[in-house]
Amino acid sequence: QSPQFGEVMAPFPPSQFTQFEPPSLPTQAPPPPPTPKRRPWGAGGSGGARKRQRYVEKDGKCNVQHGNVRETYRYLTDIFTTLVDLKWRFSLLIFILAYALTWLFFGLIWWVIAYSRGDLEHLGDGSWTPCVNNLNGFVSAFLFSIETETTIGYGHRVITDTCPEGIVLLLLQAILGSMVNAFMVGCMFVKISQPNKRAETLVFSSHAVVSLRDDRLCLMFRVGDLRDSHIVEASIRAKLIQSKQTQEGEFIPLDQTDLSVGFETGDDRLFLVSPLIISHEIDERSPFWDVSRGQLERDDFEIVVILEGMVEATGMTCQARSSYLADEVLWGHRFTPLLSLEEGFYEVDYGGFHHTVPVRTPACSARQLRRAAARTATPTLHWSSPPPGRRRRPAGARGPPKSPLRRATGTLASPESQRG
């Protein structure tokens with residue numbers, strides 16, 4: 001028989017039991033949960049798939065916005081560059097306002113001088129000598145201001161020599177008008193002649209590839225120039241943008257690492273007449289030394305490529321930029337050739353500029369490929385032999401050999417030791 005409930009609970013005295021009290025309901029709504037902090041770019045961590053944010057867009061625009069800039073006065077210290085960097089609609093607005101405001105300002109002063117001298121009260125008096133002939137109101141004063149600053153000089157409104165304040169104002173407006181012309185025309189000229197649009201005809205391949213070149217893994221991309229006028233002193237650079245954490249625990253977002261594209265050998269200086277394939281050899285100094293195909297698909301990084309040079313037509317420096325995310329790097333692919341020989345010239349087929357073809361490429365990292373090549377390499381054996389005309393020593397002979405050369409049966413010997 002099963003024990004009764006009282007027998008089971010008998011060893012526990014009633015003092016050890018507390019009376020159950022239902023929890024009291026809150027009198028007001030609970031506070032909202034705290035807003036989660038934004039995770040830094042590239043910080044990793046678990047979670048669903050997220051869209052990779054570019055640091056540099058494919059067209060070269062930097063995807064960075066400056067916020068909380070408190071020292072805005074620094075923009076005014078370099079007002080010329082600030083006006084040049086403005087968008088076209090704002091530049092045109094400032095250009096129009098600069099002239100219109102100066103014309104209105106000096107036109108108002110010319111009208112005040114005529115009003116204070118009483119010229120407007122003696123418009124029909126032939127014996128009265130005004131400061132400015134034929135100035136009969138604010139509109140005519142405004143027109144005279146435009147004629148003075150732009151040096152048009154129609155001849156209908158002319159300043160007289162009996163008005164010293166008008167002569168001083170005429171000199172001041174002529175000097176200030178020249179300064180406004182030089183400043184605004186200079187801004188517009190620099191803005192028009194900027195070589196930013198020249199970069200539109202410098203193209204980069206839509207993907208980068210990783211394949212073997214001379215038994216070495218290389219990261220490659222293609223650049224080209226669509227114009228007949230070439231880029232002089234062209235040079236190429238590549239940067240790896242990837243967040244990392246130091247051994248001390250410091251998190252460095254968007255850390256920049258140089259990718260060698262031939263700086264030591266001069267291959268980074270280009271003669272960009274036809275499309276070129278830029279190669280980064282993955283060696284011990286490369287950040288991709290331990291990256292395999294599987295790890296490349298899981299990594300989160302961006303490769304920024306920068307092409308610089310002088311425009312042949314204008315002599316101004318031009319820069320073109322592009323970038324490749326990790327999913328835009330094709331492992332085991334190679335670019336198709338574009339150059340063909342025609343009758344008396346070479347022809348470039350830009351229709352296949354972005355085309356790649358798959359090739360056999362090991363999926364291991366460059367370090368593992370180097371180790372595998374070292375293990376499978378067969379050393380060259382150099383066997384030493386006695387000089388010509390010298391007898392072999394009989395088997396079982398004792399003592400040092402009479403010849404300085406010793407037969408190294410089954411051992412490695414260098415060719416220099418044979419010649420010694």
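The values are calculated or read from the model by the stated rules, or taken from the named source; none is laboratory data. Treat the numbers as computed from the prediction; the structure is a model and nothing was measured. Every residue, glycine among them, receives a Cβ derived from its backbone with ideal geometry; neighbour counts consider all protein chains shown. Quick note on the areas: whole protein, heavy atoms, side chains included, nothing else; ligands and nucleic acids left out. Shrake-Rupley method; radii C 1.70, N 1.55, O 1.52, S 1.80 Å.
Couple of notes before you dig in:
- For segment 229-235, putting each phi into the Karplus relation 6.51 cos²θ - 1.76 cosθ + 1.60 with θ = phi - 60° gives couplings of 6, 8, 8, 8, 6, 6, 9 Hz, in residue order, rounded to whole numbers and with x for Gly and Pro.
- For segment 80-104 versus segment 259-335, the inter-centroid distance based on Cα atoms is 40 Å.
- Rounded FRET efficiency, nearest 0.05, which uses the C-beta distance separating Asn196 from Asp300 and R0 of 35 Å: 0.70
- Largest-first ordering by accessible area, 1.4 Å probe, given options Phe204, Phe263, Phe251: Phe263, Phe251, Phe204
- Solvent-free Debye calculation, one equal scatterer per alpha-carbon of segment 262-324: log10 I(q)/I(0) at 0.28, 0.29 Å⁻¹ equals -1.36, -1.38.
- Considering all different alpha carbon pairs of segment 59-109, the Kirkwood hydrodynamic radius works out to 13.7 Å.
- Estimated FRET transfer efficiency (Leu254, Val139; beta-carbon r; R0 56 Å; 0.05): 0.40
- For segment 210-277, the relative contact order comes to 38 percent (Cα pairs under 8 Å, sequence separation of at least 6).
- Accessible surface, segment 50-200, averaged per residue in Å² (probe 1.4 Å): 67 Å²
- The Cα atoms of segment 162-263 give a gyration tensor whose axes a ≥ b ≥ c have a/c of 1.5 or more with a/b no greater than b/c, which makes the shape oblate.
- Stretchable slack from Lys244 to Arg70, in nm (0.36 nm times residue separation minus alpha-carbon distance): 59.7 nm
- Carbon-plus-sulfur accessible fraction, segment 227-303 (probe radius 1.4 Å, protein heavy atoms only): 44%.
- For segment 258-324, trypsin sites (Lys or Arg not before Pro) are listed when DSSP marks them as loop and at most 12 other Cβ atoms sit within 10 Å of their Cβ; the list is Arg285.
- In terms of Cα atoms, the Rg and Dmax of segment 129-204 work out to 19.9, 73 Å.
- Excluding ligands, DNA and RNA, the accessible surface per residue across segment 304-364 is 57 Å² with a 1.4 Å probe.
- Residue-span extension gain [Glu343 to Asp267] - 0.36 nm each, minus C-alpha spacing: 24.4 nm
- Shape of segment 72-158, Cα gyration tensor, a/c cut at 1.5: prolate
- Taking label points 7 Å from Cα along the Cα-to-Cβ direction, His230 and Lys87 give a separation of 3.9 nm.
- Two-site label geometry, Glu284 and Ala372: point separation in nm, points 7 Å out along Cα→Cβ: 2.1 nm
- Shape category assigned to segment 257-296 from the gyration tensor of Cα positions, a/c cut at 1.5: oblate
- Where Thr356, Thr72, Thr151 fall by accessible area, highest first, once all protein chains stay in place (1.4 Å): Thr151, Thr72, Thr356
- Solvent-accessible surface ranking, highest first, for Leu325, Leu341 at 1.4 angstrom: Leu341, Leu325
- Proportion of all alpha-carbon pairs of segment 207-343 beyond 18 Å (%): 60 percent
- Looking at segment 73-166, the trypsin sites (Lys or Arg not before Pro) that sit in a DSSP loop and have at most 16 other Cβ atoms within 10 Å of their own Cβ are Lys87.
- Apportionment of accessible area to carbon and sulfur, segment 52-193, percent (1.4 Å): 66 percent
- Using θ = phi - 60° in the Karplus curve 6.51 cos²θ - 1.76 cosθ + 1.60, the 3J(HN,Hα) couplings for segment 303-310 round to 10, 9, 10, 10, 10, 10, x, 9 Hz; x is entered for Gly and Pro.
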